[in-house]
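Heads up: the structure comes next, in structure tokens.
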Amino acid sequence: MAKGMRVKLVYEVSQDPDTGVEVTRLTPPEVTCHRNYFYQKCFTNDGNKLLFAGEFDGHWNYYLLDIAAGEAVQLTEGAGDNTFGGFLSPDDNSLYYVKNERTLLEVNLETLVEREVYRVPDDWVGYGTWVANSDCSKLVGIEISKDDWVPLNDWKIFHDFFHKGPNCRLLRVDLQTGESAVIHQEKNWLGHPIYRPFDDNTVAFCHEGPHDLVDARMWMVNEDGSNVRKVKEHAEGESCTHEFWVPNGSSLMYVSYLKGQQGRTIYSYNPDTGVNAEVMQMPACSHLMSNFDGSLLVGDGSGTPVDVKDTSGYTIDNDPYLYAFDVAKKAYFRVARHDTSWATFANSRQVTHPHPSFTPDDSAILFSSDKDGKPALYIAKMPANPELISA
């Protein structure tokens, strides 16, 4: 197989044993498949096609699935695709992704012709998920000094890398010309760069590492490199994680949890006022994402976090559910079981993580899970009459 080859998928439809909603497994459990990172665009605007990663050709490559037809076309080939960071352009004409931690590529979805947009300098390594601005004219990414870089294949390496204090830089890249500029640089592990939607002047990023050891997780900087500021000063025993911009740009939302407590708290940060506000309490979810206006959220129930140093202090019961949150009602409900293992698989710390997000019409939730074998893609329909639990 190679670029342009088509894969026919046979869906498996079932009812969730606890909530009764329809759950469709899109990909076969004997072939590793997963979704991209939860805030990267994966559905076409009409919701009819889905970008995902699959190992049908011996490597983890990108595919575009025609959901109604059950047929996926292979978009990339060969080793080295960053299959978590790729995203569709707003006009549905292109896929952008990074290959071999070196080249940022654009794939024309009609012709499958690839164009090299930007090449990481030889003494740097492209790291993590690179995120475009709203009109997809540029993106922000992280580069790590090649002298400091090691592949982050397991959680022990993750912890050790934090203490190295790697030389990192946050940069922006023009998606037409490939011109780049460094926004911010420091001897600190940086990650999760995200343009604020509809406001190119505001860029969020994080200090990466064990959540109970970082000085402050979430930061912001102006696009010209000025006004570096903390989003939140951590309280004693507090960890914050998996921040994301509400897609309309109204706020940055994130998860907060305290040492020794099972539950977690959803917070919202208004970048215009600098105010952090508690949104609602929630079960122990790891990742959180919203619909376009932030009125609905979805999260994946999890167990004891592996990305902390003091795991004994943060031990919690495992929670196998996908949850949806009604922000106005300050209530939530179970959507379906994800039942993923959260295990490191095939040298990936992320591939078994659910990373849930809504379909474009908010009618269903896309997620990954290895509950039936190797990691696979699933879509769970939202319940028609959910049983609300007050937060």
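The values are calculated or read from the model by the stated rules, or taken from the named source; none is laboratory data. These figures come from a predicted structure and were not determined experimentally. For neighbour counting, all protein chains shown are included, and Cβ atoms are generated from backbone atoms with ideal geometry for every residue, glycine included. Calculation scope for accessible area: heavy atoms of the full protein, side chains included, ligands and nucleic acids excluded. Shrake-Rupley method; radii C 1.70, N 1.55, O 1.52, S 1.80 Å.
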Being within 17 Å of the chain's Cα centre (by Cα) and either crowded, with 21+ Cβ neighbours inside 10 Å or of a type in the set (Phe, Trp, Tyr) (or both) is the filter here; which residues of segment 371-381 pass it?
375, 376, 377, 378
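Could you please let me know if residue 384 is open to solvent by 10 Å² or more (accessible area, probe 1.4 Å) and without any contact (Cβ under 8 Å) to a residue 12 or more places away in the chain?
For residue 384, the condition - open to solvent by 10 Å² or more (accessible area, probe 1.4 Å) and without any contact (Cβ under 8 Å) to a residue 12 or more places away in the chain - is met.
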Against the condition in contact with a Lys or Arg (Cβ under 9 Å, 6 or more places away or on another chain), surrounded by 15 or more Cβ atoms within 10 Å (Cβ to Cβ) and of a type outside the set (Asp, Glu), how does residue 65 come out, does it pass?
yes
Unique match (being at pLDDT below 95, open to solvent by less than 20 Å² (accessible area, probe 1.4 Å) and either in contact with a Ser or Thr (Cβ under 6 Å, 6 or more places away or on another chain) or in a loop (DSSP other than H, G, I, E, B) (or both)) among 303, 294, 313:
303
Can you pull out every residue in segment 352-370 that is among the β-branched types (Val, Ile, Thr) and crowded, with 24+ Cβ neighbours inside 10 Å?
365
Which condition does residue 132 not pass, out of (1) open to solvent by less than 10 Å² (accessible area, probe 1.4 Å); (2) within 18 Å of residue 203 (Cα to Cα); (3) among the aliphatic types (A, V, I, L, M), if it passes all the others?
(1)
Looking only at segment 203-242, which residues are in contact with a Pro (Cβ under 8 Å, 6 or more places away or on another chain) and outside any strand (DSSP E or B)?
211
On the given criteria, is residue 282 out of contact with any helix residue (DSSP H, G or I) (no Cβ under 8 Å at 6 or more places or on another chain), surrounded by 18 or more Cβ atoms within 10 Å (Cβ to Cβ), more than 18 Å from residue 216 (Cα to Cα) and not polar (S, T, N, Q)?
yes
State which residue is farthest from residue 208 (Cα to Cα) when the search covers only segment 147-169 and only residues that are open to solvent by less than 30 Å² (accessible area, probe 1.4 Å) and assigned to a loop (DSSP other than H, G, I, E, B).
148
Quick one: how many residues across segment 194-211 are open to solvent by less than 30 Å² (accessible area, probe 1.4 Å), in contact with a Ser or Thr (Cβ under 8 Å, 6 or more places away or on another chain) and at pLDDT 95 or above?
3
For segment 234-279, enumerate the residues that are surrounded by fewer than 21 Cβ atoms within 10 Å (Cβ to Cβ), under 19 Å from residue 330 (Cα atoms) and of a type in the set (D, E, K, R).
278
Scanning segment 212-231 for residues that are at pLDDT below 95 and either open to solvent by 10 Å² or more (accessible area, probe 1.4 Å) or more than 22 Å from residue 263 (Cα to Cα) (or both) gives 212, 213, 214, 215
Taking segment 26-56 as the search range and keeping residues that are among the hydroxyl-bearing types (Ser, Thr, Tyr) and touching a Pro at 6+ places or on another chain (Cβ under 9 Å), which one is farthest from residue 86 (Cα to Cα)?
27
Would you mention how many residues in segment 170-201 are in a strand (DSSP E or B) and either of a type in the set (Phe, Trp, Tyr) or in contact with a Pro (Cβ under 6 Å, 6 or more places away or on another chain) (or both)?
2
Over segment 115-126, the set of residues crowded, with 18+ Cβ neighbours inside 10 Å and either under 15 Å from residue 61 (Cα atoms) or of a type outside the set (Gly, Ala, Ser) (or both) is 117, 118, 120, 124, 125
Can you confirm whether residue 111 is open to solvent by 30 Å² or more (accessible area, probe 1.4 Å), closer than 25 Å to residue 4 by Cβ and out of contact with any Pro (no Cβ under 7 Å at 6 or more places or on another chain)?
yes
May I ask you to verify whether residue 54 is farther than 26 Å from residue 245 by Cα and touching a Cys at 6+ places or on another chain (Cβ under 7 Å)?
yes
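Regarding residue 361, is this residue in a loop (DSSP other than H, G, I, E, B), in contact with a Pro (Cβ under 7 Å, 6 or more places away or on another chain) and of a type outside the set (A, V, I, L, M)?
Here the answer is no, as residue 361 does not meet what is asked.
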Assess whether residue 186 counts as being modelled with pLDDT of 95 or more, surrounded by fewer than 19 Cβ atoms within 10 Å (Cβ to Cβ) and under 28 Å from residue 2 (Cα atoms).
no
